[in-house]
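The values are calculated or read from the model by the stated rules, or taken from the named source; none is laboratory data. Remember, predicted model here, so these are calculated numbers, not experimental data. Note that we place each Cβ from the backbone using ideal geometry, even for glycine, and neighbour counts take in every protein chain shown.
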């Protein structure tokens, strides 16, 4: 069965990530899966997935692909690297929890991207955080503590939700920041799962060098994300 037939729903964090995926798919696929912009963060996403609207429209989908950006937790993963999750990790309850991505769907995605993508695609363990990890030192510590390769803010919540519905789900992301430098602390700019422009601007102005690195990394990784979505469904 083709990827297009196996995947009926794509979840992407709202904003620039959603726009990049939408552009890539629009270039190649006439009969593409639904692309749904989701809130940023574990709790906002969980509320969204459990809402009556989502359950009424999407709870019977055949397969789910989550796409977006992520941060590196180890020196091996650089800006622009394409990563396919083997598992998602969480420690919100005080213990490390792990959930696998669907092995069959993940294998199909990995093989497709290996054939069609540059740079090299890597299989990873992704840790889901309830906040933006902006300190380079903390990233390295988290990578060692949880033996995780990359960090995001939504992956584990999606894996947990669709596992309960017995719906296959896989995760493909692009690394947008590495472990060498600190980033601006943007946590106060995310309210109810969305980025607020004014607090974002203030946070960027407080750390201009970090802001420049963040912007450059984001632009580079968003271009790769667009190409990845094109490669998956072409």
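Looking at segment 176-222, which of its residues are over 22 Å from residue 74 (Cα atoms), in a helix (DSSP H, G or I) and under 19 Å from the mean Cα position of the chain (by Cα)? Listed by number, the list holds a single entry, 189. The residues of segment 101-127 that are in contact with a strand residue (DSSP E or B) (Cβ under 8 Å, 6 or more places away or on another chain), free of Cβ contacts under 8 Å to residues at least 40 places away in the same chain and farther than 21 Å from residue 217 by Cα, listed by number, are 110, 114. Of the listed requirements (1) within 18 Å of residue 158 (Cβ to Cβ); (2) modelled with pLDDT under 95; (3) crowded, with 17+ Cβ neighbours inside 10 Å, residue 25 misses just one: (1).
Within the bounds of segment 30-46, is there any residue that is surrounded by fewer than 22 Cβ atoms within 10 Å (Cβ to Cβ), modelled with pLDDT under 95 and on the phi > 0 side of the Ramachandran plot? Taking every residue of segment 30-46 in turn, none turns out to be surrounded by fewer than 22 Cβ atoms within 10 Å (Cβ to Cβ), modelled with pLDDT under 95 and on the phi > 0 side of the Ramachandran plot. Taken over segment 19-56, the residue count meeting the criterion of being touching a helix residue (DSSP H, G or I) at 6+ places or on another chain (Cβ under 7 Å), part of a helix (DSSP H, G or I) and free of Cβ contacts under 8 Å to residues at least 40 places away in the same chain is 1. Could you list, in sequence order, the residues of segment 223-234 that are in contact with a strand residue (DSSP E or B) (Cβ under 7 Å, 6 or more places away or on another chain) and either within 23 Å of residue 73 (Cα to Cα) or outside any helix (DSSP H, G or I) (or both)? Correct list: 224, 225, 228. Please verify whether residue 188 is at pLDDT 95 or above and either in contact with a helix residue (DSSP H, G or I) (Cβ under 9 Å, 6 or more places away or on another chain) or under 22 Å from residue 25 (Cα atoms) (or both), treating the condition exactly as stated. The answer is no for residue 188.
None of 147, 130, 152, 111 is closer than 18 Å to residue 46 by Cβ and surrounded by fewer than 16 Cβ atoms within 10 Å (Cβ to Cβ) except 130.
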